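Enquirer: I'd like to ask you about the structure that follows.
The values are calculated or read from the model by the stated rules, or taken from the named source; none is laboratory data. As the structure is a prediction and not an experimental result, all values here were calculated from the model. Positions of Cβ are backbone-derived with ideal geometry, glycine not excepted, and every protein chain shown enters the neighbour counts.
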Amino acid sequence: MRKTSWNSVKAFAIELVKKKTKAEQKRSEPSLKVFLAQLAIFTVLVVSYFFFVLSFFSHWLKELFDQNKLVYALVAWALMAAQGLVLEVIAAALLKVVESRID
């Protein structure tokens, strides 16, 4: 069971970064509906992430900023990098689901 789950995640990641031919690129040009769906997905995810960090980490980040600005800068950078990575993976997965229902 665990091996199958890992294989599906691996296959998804490979397809996400796989180089596409010109014909595949033309077939996969996004439509306005797909663009709007992607925009809505990212909007919801970014706003949710903002309020999550604001509600759970604001006090801790403020204390960290007051005590050690170097550590604060590294933590802030790590939070931004993690946000970009996680939101991109979640949005790509959600977009696949939405695209299959839109088209």
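Enquirer: So which residues in the stretch 94-103 are exposed (fewer than 14 other Cβ atoms within 10 Å of the Cβ) and either touching a Phe, Trp or Tyr at 6+ places or on another chain (Cβ under 9 Å) or part of a helix (DSSP H, G or I) (or both)?
Expert: Within the stretch 94-103, 96, 97, 100, 101, 102 qualify.
Enquirer: Can you tell me how many residues in the stretch 68-87 are over 30 Å from residue 98 (Cα atoms), hydrophobic (A, V, I, L, M, F, W, C) and surrounded by 10 or more Cβ atoms within 10 Å (Cβ to Cβ)?
Expert: Adding up the residues that qualify gives 6.
Enquirer: Okay, moving on. Residues in the stretch 4-14: is at least one at pLDDT 75 or above and more than 21 Å from residue 95 (Cβ to Cβ)?
Expert: Scanning the stretch 4-14, I find at least one residue that is at pLDDT 75 or above and more than 21 Å from residue 95 (Cβ to Cβ), so the answer is yes.
Enquirer: Identify the single condition in (1) surrounded by 12 or more Cβ atoms within 10 Å (Cβ to Cβ); (2) over 11 Å from the mean Cα position of the chain (by Cα); (3) within 26 Å of residue 13 (Cβ to Cβ) that residue 65 does not satisfy, given that it satisfies every other one.
Expert: So residue 65 meets the others, but not (3).
Enquirer: Being outside any helix (DSSP H, G or I) and modelled with pLDDT under 80 narrows it down to one of 24, 29, so name that one.
Expert: The match here is 29.
Enquirer: With the structure loaded, tell me whether residue 78 is part of a helix (DSSP H, G or I) and modelled with pLDDT of 90 or more or whether it fails that test.
Expert: yes
Enquirer: To continue, here is another question. Kindly check whether there is at least one residue in the stretch 45-53 that is farther than 28 Å from residue 13 by Cβ, surrounded by 13 or more Cβ atoms within 10 Å (Cβ to Cβ) and not small (Gly, Ala, Ser).
Expert: no
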